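Working notes, structure below.
The values are calculated or read from the model by the stated rules, or taken from the named source; none is laboratory data. What you are looking at is a predicted structure, and each value in this text was computed from that prediction instead of being measured. All accessible areas refer to the heavy atoms of the entire protein, side chains included, with ligands and DNA or RNA removed. Shrake-Rupley method; radii C 1.70, N 1.55, O 1.52, S 1.80 Å.
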Amino acid sequence: MTDLGGNGKPLRPIHDASVPSSARIYDYVLGGKDHYQVDRDAAEKVIAAFPTTRVAARQNRSFMHRAVNALTELGVTQFLDVGTGIPTEPNLHQVAQAPTPEARVVYVDNDPIVLTHARALLTGTPEGRTAYVDADLKDPAAILSAPELRETLDLERPVALSLVAVLHFLADEQDPYGIVETLMDALAPGSFLVVSHITADLEPEMMTDALDVYRQSGVYAQTRTRDEFARFFTGLELLDPGIVVTNQWRPQGESPSWLDSQVNCWSAVGRKVW
């Protein structure tokens with residue numbers, strides 16, 4: 001089975017239901033409906049090793065919402081969301097366009113299951129615009145040269161690059177730091193980088209077990225330390241409160257410290273000042 005892109009040309013085959021998908025596993029953990037038994041089985045094994053997986057996923061999603069709201073308050077009207085995942089309302093464009101109807105959002109993912117739902121990401125405000133790019137984070141040049149991106153975003157003006165819960169799916173040998181640098185280099189001064197990333201700093205044994213389960217299911221992921229996470233923001237100016245666990249990034253109300261070890265995910269927002 002294939003789907004058709006906006007230009008009417010066939011896109012690549014639809015998802016394989018016989019192997020787990022990181023996007024479908026995440027959808028299941030968030031309470032979505034777009035997953036198969038193989039994804040549910042893999043997710044339940046992860047949850048057995050990391051019992052607060054659902055808490056972590058919800059807190060990560062909430063971080064994205066708060067970061068986008070903070071950036072719209074700073075006047076950002078352009079967003080590039082790489083590693084979009086299966087649409088889960090409110091999606092990034094809905095958060096951005098609520099206070100800023102003219103906001104423009106480009107979504108990027110290469111998971112076929114996300115591709116089948118891409119049209120759900122393309123319904124925004126009449127004043128704004130949304131687009132979808134079928135591309136791989138490991139090929140930043142392809143993302144930046146995509147016609148859908150060039151027709152939607154003005155790279156001469158600030159853009160917020162969102163890499164939420166996606167960089168931990170890249171191994172060190174795939175050069176995640178170089179990928180982020182390439183993407184940020186293409187963006188104008190005044191642009192922002194939004195990142196969240198799982199860590200074993202707070203619960204090393206539990207997170208190691210959880211990632212072992214992920215890998216045994218055929219989905220590669222790895223944790224990074226706070227220092228390793230900080231490298232993604234080299235040369236950028238961090239917004240307050242700096243690098244914190246996702247639930248502690250400008251929470252709405254008080255976020256108890258005991259929640260940190262249930263989330264195990266670093267987050268930060270940085271500004272490109274040069």
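Couple of notes before you dig in:
- Using θ = phi - 60° and Karplus 6.51 cos²θ - 1.76 cosθ + 1.60, couplings along region 91-102 (whole Hz; Gly, Pro as x): 7, 4, 5, 5, 5, 6, 7, 4, x, 10, x, 7
- Accessible area per residue, Å², the chain with all protein chains present, probe 1.4 Å: 44
- Its convex hull of Cα atoms gives region 183-267 a direction-averaged projected area, equal to a quarter of the hull surface, of 6.9 nm².
- Residue-by-residue Karplus 3J(HN,Hα) for region 68-73, coefficients 6.51, -1.76, 1.60, Hz, glycine and proline x: 5, 4, 4, 6, 5, 5
- Per-residue Karplus couplings for region 239-244, computed as 6.51 cos²θ - 1.76 cosθ + 1.60 with θ equal to phi - 60°, are listed in order as 6, 4, x, x, 8, 9 Hz, Gly and Pro entered as x.
- At the residue level, residue 66 shows approximately 30 square angstrom of accessible surface with a 1.4 angstrom probe and all protein chains present.
- C-alpha center-to-center spacing [region 165-181, region 94-148] in angstrom: 20
- Mean shadow area of region 50-106, taken as a quarter of the surface of its Cα convex hull (nm²): 4.1
- Accessible-area value, residue 250, 1.4 Å probe, nucleic acids and ligands omitted, Å²: 100
- Region 50-144 - convex hull of alpha carbons, volume per residue in Å³: 107
- Semi-axis lengths (Å, descending) of the ellipsoid that matches the C-alpha gyration tensor of the chain: 26, 24, 17
- Based on the convex hull around the alpha carbon atoms, region 83-209 presents an average projected area of 9.0 nm².
- Surface share of carbon and sulfur [accessible, 1.4 angstrom probe, percent] for region 95-236: 48
- Residue of 34, 136, 172 that the Gaussian network model of the chain assigns the largest fluctuation, springs spanning Cα pairs under 10 Å: 172
- Kirkwood Rh and Cα Rg combined as Rg/Rh, region 15-59: 0.95
- Whole-Å semi-axes of the ellipsoid equivalent to region 232-274 (Cα gyration tensor, √5λ, descending): 23, 11, 5
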